[in-house]
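Working notes for the structure below.
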Amino acid sequence: MRMFDANVCLGRPAVRQPSAFTDAAGLAATMVACGISAALVYAPATINADIIDANLRLLAATDVARDIYPAWVLLPPGTGEMAHPQTLVDDMLRRRVRAARLMPRAHGYAMRVRALGPLLECLTARRVPVLLDFGLSAWSDRIHIDWDGVHEVCAAFPELSVILIRLGLMVDRDLYPMLDRHANLHVETSYYFGHRGLQALAARFGAQRLIFGTGMPVYAPGPPIASLAYSGLSVAEQQMVAGGNLERLLQGVRP
Amino acid sequence: MSMPVYPDRFARSVLQGLPLSEVRVVDCHAHVGHYASLHIPETGMAEMIATADRLGIETLCLSALEAISADYRRGNDCVSRAMLDYPGRVRGYVVVNPHYPEEILPEIERCFAAAPFIGLKFHPAGHEYPSDGPAYEAALAYAHEHGLVVLSHNWGSADYLDRVSQRYPRAHFIQAHSAAAWRGIAPLDYLRVAKTRPNVFLDLALSMAWYGALERAVAEAGSEHLLFGTDAAFLDPAVAVGRIAFAQVPDEDKVKILGLNMLGIIGEPLKPV
């Protein structure tokens, strides 16, 4: 099983877990210890510091590493804090950044087309997948998921691949209808831990909707690895979830 | 002593999707049955056993979700049936409900007469009752008298767990979800208690597995008082297996956590009352 981790934080966070890596060399060593082949990373300073600077510094950190790929954290364009969406997305792709991450809860905006429309139009046109991070930690944080916003965005941009990060227990009654309605919606698996949960999702919606991630080094990588390895999915399905689906999405990006 | 190389044998088994082997694995904290607050795709005993086989889990020590959330008698009966249907694979906790204090001892005796339960389960949160409330005293005294395990969702405070474990030294106290909110950064009082009290154990069942927290727990308190628990069928038991399998702690510590410690607690067959 070739694992491509879609959800890794790389840098020096304000709160560091015991023995957590803070640089690409440390991440690479952890990947070897866990059997992970590749990682899509974002910078922790994007959460509450200078996002543009953190995105740029992430490039330097990942430039020296094999199989570690940057994802940029973006803001809605209304306030003009980042470049015009067209310029921004062009710049991302020129720098070989092939995934975007949105953090509406951490950055204080609503997941609505009125705020994000111009940016999402540009990301959709270039087929850049969007990791959507509502800052979920415990399963009880499900109240912070803006399902109406997810619905609105997925409906308005059906060609945009949206990956929901760290969904936990108690989301299924909202999640299932969303997956039914929106073929462009995907689930990252770092916290999707219900008994036979992955198996049930794959059986109903197809394994192509699941994207493997760990959330390290905030969260331990072992649980999502084991959850997938023992999921009961076929070898081909496991490979899709472990890395094939993310690779497909990234290869679909139009430079 | 040579330095461990990771992935070790446990992690390699996981990566291949093979059951853990050459190690005894006992789940100290599982459940069976439905729970209306959330969708759990599979909660039946047969599916739980099939999952345990897939992972290499030898024994499930469990209570019924219905006993926590609704009718404790029906829930305890469900566990009795599971023990009889899967002898040796399933061991049960009798759930006591502190809102029916006069029924606690008769219920314990009824259950132990019906099937080989290993102990008691308290769920102060589910029953909305204080962890140190007086209705639990009779059950604790019974556990002490019979050398039973008492698994509580929450003992309230480490100081209370320290005191009650001294007051009933023949009972074995398990703090469930002991690292649930513990990131491994600040000191954890429960670890101090587990380290100093021979009859106090910490169950590792939780959904949130913070990076490096298990390694720090082992470094601070040793592995002798840590127990493998899954909180299945809320959670996929693979989650807890993966957390331990990929932890960067020595092989001998993993062997103790995965099963030896719990086997030491429940190893001797308990006589029905």
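Remarks
- Which numbered condition A:Thr79 fails, given (1) surrounded by fewer than 18 Cβ atoms within 10 Å (Cβ to Cβ); (2) within 14 Å of another protein chain (Cβ to nearest Cβ): (2)
- Number of positions in the stretch A:219-243 that are among the aliphatic types (A, V, I, L, M) and buried (at least 24 other Cβ atoms within 10 Å of the Cβ): 7
- Helices (runs of 4 or more DSSP H) within the stretch B:155-247 that include 1 or more residues within 14 Å of another protein chain (Cβ to nearest Cβ): B:189-196, B:213-221, B:237-245
- The set of residues from the stretch A:194-213 being surrounded by fewer than 23 Cβ atoms within 10 Å (Cβ to Cβ), in a helix (DSSP H, G or I) and over 17 Å from the mean Cα position of the chain (by Cα) comprises A:Gln199, A:Ala200, A:Ala202, A:Ala203, A:Arg204, A:Phe205.
- A:Arg101 being outside any loop (DSSP other than H, G, I, E, B), within 20 Å of the chain's Cα centre (by Cα) and of a type in the set (Lys, Arg): yes
- Criterion applied to A:Leu119, A:Leu131, A:Leu75, A:Leu102 was being touching a Lys or Arg at 6+ places or on another chain (Cβ under 7 Å) and either of a type in the set (Lys, Arg) or within 26 Å of A:Glu159 (Cβ to Cβ) (or both), and the one residue passing it is A:Leu131.
- The residues of the stretch A:112-132 that are surrounded by fewer than 23 Cβ atoms within 10 Å (Cβ to Cβ) and either touching a residue at least 40 places away in the same chain (Cβ under 8 Å) or not β-branched (Val, Ile, Thr) (or both), listed by number, are A:Arg112, A:Val113, A:Arg114, A:Ala115, A:Gly117, A:Pro118, A:Glu121, A:Cys122, A:Ala125, A:Arg126, A:Arg127.
- Condition met for B:Leu260 (in a helix (DSSP H, G or I), more than 12 Å from chain A (Cβ to nearest Cβ) and without any contact (Cβ under 8 Å) to a residue 60 or more places away in the chain): no
- Between B:Ala141, B:Ala171, the distinction of being over 27 Å from B:Thr230 (Cβ atoms) and small (Gly, Ala, Ser) belongs to B:Ala141 only.
- Residue tally, condition in a loop (DSSP other than H, G, I, E, B) and touching a residue at least 24 places away in the same chain (Cβ under 8 Å), over the stretch B:45-86: 4
- Positions within the stretch A:214-255 being within 12 Å of chain B (Cβ to nearest Cβ) and in a loop (DSSP other than H, G, I, E, B), in sequence order: A:Thr214, A:Gly215, A:Met216, A:Pro217, A:Val218, A:Ala220, A:Pro221, A:Tyr230, A:Ser231, A:Gly232, A:Leu233, A:Ser234
- Residue check, B:Ala67 more than 10 Å from chain A (Cβ to nearest Cβ) and closer than 24 Å to B:Gln175 by Cα: yes
- When the stretch B:12-38 is filtered for residues that are surrounded by 19 or more Cβ atoms within 10 Å (Cβ to Cβ), facing another protein chain (nearest Cβ under 9 Å) and part of a loop (DSSP other than H, G, I, E, B), only B:Gly17 remains.
- Among the residues of the stretch A:149-168, those identified as within 14 Å of another protein chain (Cβ to nearest Cβ) and on the phi < 0 side of the Ramachandran plot are A:Leu167, A:Gly168.
- Any hit, the stretch B:2-11, residues being in a helix (DSSP H, G or I) and surrounded by fewer than 22 Cβ atoms within 10 Å (Cβ to Cβ): yes
- Out of B:Glu107, B:Glu137, B:Glu128, B:Glu102, one residue alone is surrounded by 16 or more Cβ atoms within 10 Å (Cβ to Cβ) and either free of Cβ contacts under 8 Å to residues at least 24 places away in the same chain or of a type in the set (Val, Ile, Thr) (or both). It is B:Glu137.
- Residues within the stretch A:104-129 that are farther than 20 Å from A:Leu40 by Cβ and either outside any helix (DSSP H, G or I) or of a type in the set (Phe, Trp, Tyr) (or both), tallied: 5
- Check on A:Asp141, closer than 30 Å to B:Leu15 by Cβ and either crowded, with 19+ Cβ neighbours inside 10 Å or over 15 Å from the mean Cα position of the chain (by Cα) (or both): yes
- Hey, B:Ala171 touching a strand residue (DSSP E or B) at 6+ places or on another chain (Cβ under 6 Å) and touching a residue at least 12 places away in the same chain (Cβ under 8 Å) or not: yes
- Residue in the stretch A:179-186 that is facing chain B (nearest Cβ under 10 Å) and buried (at least 19 other Cβ atoms within 10 Å of the Cβ) present: no
- Filtered by the rule that a residue be within 11 Å of chain B (Cβ to nearest Cβ), surrounded by fewer than 21 Cβ atoms within 10 Å (Cβ to Cβ) and in contact with a helix residue (DSSP H, G or I) (Cβ under 7 Å, 6 or more places away or on another chain), the stretch A:3-33 gives A:Pro18, A:Ser19.
- Of all residues in the stretch A:148-193, those being in contact with a Leu (Cβ under 7 Å, 6 or more places away or on another chain), in a loop (DSSP other than H, G, I, E, B), modelled with pLDDT of 95 or more and farther than 25 Å from A:Gln251 by Cβ number 2.
The values are calculated or read from the model by the stated rules, or taken from the named source; none is laboratory data. Keep in mind the model is a prediction, meaning the values are calculated, not measured. When we count neighbours, we look across all protein chains shown, and the Cβ atoms used for this are built from the backbone with ideal geometry, even at glycine.
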